[in-house]
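J.: One structure coming up, written as structure tokens, with questions to follow.
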Amino acid sequence: MSGTPRSRPKGTQDFVPPDSGRMLHVEDVFRRLAELGGYQEIVTPTFEHTDVFVKSSGEDSDIVTKEMYSFKDRGERDLTLRPEGTPGVVRAVIENRLRVPCRLYYVGPFFRYGRPQKGRFREFYQVGVEALGEASPLVDADIIYLGTEFFRSLGISDCTVQVNSIGCRECRPAHREALRKFLLDRKGRLCADCHVRLERNPLRVFDCKVEDCRAAVQDAPTPRQYLCKACERHHEQVLSALSRRGLLHEANDRLVRGLDYYNRTTFEYISASLGAQDSLGGGGRYDYLVGDFGGPDTPGIGVAIGLERTMLAAPVAPAPARRHLAFVVWLTDAELGAAQDLADRLRADGVPVQVDYDARKVKGQFKSADAAQAACCIIIGPDELAKGVYSLKDLATGEQREVSSDAVSEAVRALFRD
Ligand SMILES: [Zn+2]
Ligand SMILES: [Zn+2]
């Protein structure tokens, strides 16, 4: 199937002004919070060797079996557009021999071939942090808190966080066996996918969205019931650190998240405004992943948040009627040089400026200023040039007055109201 050059591929979206500005704002809020937490930005490729994702998420995870954009390049290499952030970051930390502990954050596009629906796209944007080399349960709580602070900063007030522990290599085998036995007795009620999950990783049955499967695991043994002493203690400390901050959280014994690399803490943010089943993001601990990638044993934990759904859940501030933009309007060719100089000077002062060089008439230049939703026009004609002043017109009110050359930056800034 081929598309037309006039429509975007299914599951993608364009961010056009002013929405593109909203997206940047949301990213900035996240960057600021991450930097405050001591995280530094990491930028990794948007595609990796396919093995990076297969070895981390798990060969039979939904991501790997159904959702990856995988391809062979012209050199016959198996590559995949990144479906999530953690594996590439972990690969980069090992490859660049970063010293741990290290705290990293990322912002960027990710790709999954899923069924497009409200707030879910095939190319989507995520922000996330990864803390490598820190094992304390207080770090788990800090990271969970960072996510809730992000949502709070954006005015999302109905977000709760669900928390669970899925144990470690010591305590998981006993649970796995108990769960397998339990599910074998109910095999007839499970979907075809879950038959495979049952053999390879029965924990995944908890993630199945099929109604019969959800019902079948209602009373299934949960990882929580099988936690070893150390995992139990870790989990209690995470929960008490969240409670101490007054953070709204609820236990969800069935929250396992569909990735092989998680252990102990898993968590997910749920916003009521998106509907019960939909999460804004989540994360978990992955104390074995660095070792599994061939690096030195290093604990890790991370969170990833989807920006499209975050923007759906966040209240939209009314867009300002006028942009923070000034137009320099010139009357005759004799003022063109002066118009350019003024634009340069204002930009050096940090004032956004445009000049329409094509419109030969003032009326046309005013039209351009209005189309660009500029806040004001600064007019230079022969009179102004002779007197060393400018005429400043407020496009919101229509008021016009003279300002001296020295005062022009300040006068323009005063018109940038909101
Ligand atoms: Zn354990
Ligand atoms: Zn199922």
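The values are calculated or read from the model by the stated rules, or taken from the named source; none is laboratory data. Just so we're clear, the structure is a prediction, and the values are computed from it rather than from any experiment. Because the Cβ atoms are built from the backbone with ideal geometry, glycine has one as well, and the counts that use them run over all protein chains shown. Calculation scope for accessible area: heavy atoms of the full protein, side chains included, ligands and nucleic acids excluded. Shrake-Rupley method; radii C 1.70, N 1.55, O 1.52, S 1.80 Å.
J.: Describe numerically, in nm with one decimal, the distance between label points set 7 Å from Cα along Cα→Cβ at ARG31 and at GLN13.
T.: Roughly 2.1 nm, to one decimal.
J.: Per 0.36 nm of contour for each residue apart, how much would the distance between TYR113 and THR160 grow if the chain were fully extended, relative to their Cα-Cα spacing?
T.: Extra length available between TYR113 and THR160 comes to 14.1 nm.
J.: Helix 172-184 against the longest principal axis of the chain: what's the angle in degrees, Cα atoms only, rounded to the nearest 10?
T.: Tilt of helix 172-184: around 80 degrees.
J.: If you don't mind, another one. Expressed in nm², what is the orientationally averaged projection area of the convex hull enclosing the Cα positions of the range 290-418?
T.: In nm², the orientation-averaged hull projection of the range 290-418 is 13.6.
J.: Calculate, in nm to one decimal, what LYS361 and ARG233 gain on full extension: separation in residues at 0.36 nm each, minus their alpha carbon distance.
T.: Length gained between LYS361 and ARG233: 38.5 nm.
J.: Could you rank PHE15, PHE30 by how accessible they are, 1.4 Å probe, largest area first?
T.: Listed by decreasing accessible area, they come as PHE15, PHE30.
J.: Tell me, what is the FRET efficiency for CYS191 and ASP370 to the nearest 0.05, using R0 = 45 angstrom and their Cβ-Cβ distance as r?
T.: Efficiency at R0 = 45 Å is approximately 0.15.
J.: List residues of the range 44-64, by number, whose backbone nitrogen lies under 15 Å from a label position 7 Å along Cα→C-beta of GLU76.
T.: Residues passing the 15 Å test: none.
J.: Where is the GNM fluctuation largest for the chain (alpha-carbon springs, 10 angstrom cutoff): ASP349, ASP51, ASP78?
T.: Result: ASP349 has the largest fluctuation of those listed.
J.: Grab the other residues whose beta carbon is less than 9 angstrom from that of VAL256, score K and R as +1, D and E as -1, and report the net.
T.: Residues near VAL256 contribute +2 overall.
J.: Evaluate E = 1/(1 + (r/R0)^6) for ALA272 and LEU138, where r is the Cβ-Cβ distance and R0 equals 35 Å; express this FRET efficiency to the nearest 0.05.
T.: 0.80
J.: On a C-alpha basis, how far is the centre of the range 8-82 from the centre of the range 182-201 in Å? Whole number, if you could?
T.: So the separation of the two Cα centres works out to 31 Å.
J.: Angle check, please: helix 137-153 long axis (alpha carbons) against the longest principal axis of the chain (alpha carbons), in degrees 0 to 90, nearest 10.
T.: The answer is roughly 40 degrees.
J.: Can you give me the distance in nm between label points at ALA174 and SER405, each placed 7 Å from the Cα along the Cα-to-Cβ direction?
T.: 8.4
J.: Which percent, to the nearest 5, of DSSP beta bridges fully inside the range 262-418 are antiparallel?
T.: Percentage antiparallel, nearest 5: 70.
J.: Sticking with this structure for a sec: For the full complex of protein chains and a 1.4 angstrom probe, list VAL26, VAL107 by accessible area with the highest value first.
T.: VAL107, VAL26
J.: Work out how much length ARG244 to THR4 would gain on full extension: take 0.36 nm times their residue separation and subtract the Cα-Cα distance, in nm to one decimal.
T.: The ARG244-THR4 span can extend by a further 80.8 nm.
J.: Once the other residues with Cβ under 12 Å from the Cβ of SER56 are scored (Lys, Arg +1; Asp, Glu -1), what is the net sum?
T.: Neighbourhood net charge equals -3.
J.: Any chance you could give the angle, 0 to 90 degrees and rounded to 10, that helix 19-36 forms with the longest Cα principal axis of the chain?
T.: Compared with the principal axis, the helix lies near 60 degrees.
J.: Using θ = phi - 60° and the Karplus relation 6.51 cos²θ - 1.76 cosθ + 1.60, list the HN-Hα couplings for the range 191-200 in order, rounded to whole Hz, with x at every Gly or Pro.
T.: Going residue by residue, I get 6, 4, 4, 5, 4, 5, 4, 4, 7, 8 Hz, with x marking Gly and Pro.
J.: Moving on. So which trypsin sites (Lys or Arg not before Pro) in the range 2-36 pass both tests, a DSSP loop state and at most 15 other Cβ atoms within 10 Å of the Cβ?
T.: Qualifying residues, ordered by number: ARG6, LYS10.
J.: Also: Among residues other than GLU232 whose Cβ falls under 13 Å from its Cβ, what is the net charge (Lys/Arg +1, Asp/Glu -1)?
T.: Counting the neighbours of GLU232, the net charge comes to +2.
J.: Now for a different question. Could you sort CYS213, CYS191 by accessible area so the largest value comes first, with the probe set to 1.4 Å?
T.: Result, largest first: CYS191, CYS213.
J.: Which lysines, on any chain, are close to LYS72 with Cα under 22 Å apart, when same-chain ones fewer than 8 places away are left out?
T.: LYS10, LYS55
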